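Take a look at the structure below.
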Amino acid sequence: MKIPEPYFMKTAKPKKLSTPGFPRQQRKVEPEPEEAPIGLVQGKIPQSKEEWRVANALWKLGIPFQFQVDFAGGSQVRGGQVIDFLVMTVPLPTPLYVQGTYFHPLERRGEEEYKQRKLRLYTRGTYAMPKEVFDYEIPTMEAAYQRMKEMFA
């Protein structure tokens, strides 16, 4: 008895379906609005787009601020720090830290809290309590504007 060879079934090639007179409709995808490129803030380049968004929001709200303020020697001296924004609020200016996951990861959260405690200790009576804004709170310019409005207006 002869063993049969494997049997392969031939299939027809798929036909192109076309409907004359009806052009193929493509779904329109709206492009995301582009943000303005990062520029200078008080003569300094922001280290992140979140800092740029906060600066623009404060400008739009008409709230005066100082950008990248050195405290206790800034980044040049051990133990010093740079305050991202010193927002000129009444009666005392408010330090504002912009916390992003790249420059301020969760693993270093203890360092950030220590720096803020140190700032509160040394500036008691001259600065208000420091505030923080996180990168996930301000993904767009409009979100930054709303967040700054909630915090300071």
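Numbers for the structure displayed
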| item | result |
| --- | --- |
| Farthest positive-ward along the stretch 49-152 dipole, Cα basis, beta-carbon charges - from Gly110, Gln99, Ala72 | Ala72 |
| Cα gyration tensor, the stretch 49-152 - rounded (a/c under 1.5), prolate or oblate | oblate |
| Pairs from Lys49/Lys131; Lys44/Lys118; Lys60/Lys118; Lys49/Lys149 whose Cα-Cα separation, in the structure shown, is over 21 Å | Lys44/Lys118; Lys60/Lys118 |
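Any read-out appearing in this document is the output of simple, stated calculations on the displayed coordinates, not a laboratory observation. Because the structure is predicted, anything quoted here is derived from the model rather than measured. Note that each Cβ is placed from the backbone with ideal geometry, even for glycine, and that neighbours are counted across all protein chains shown.
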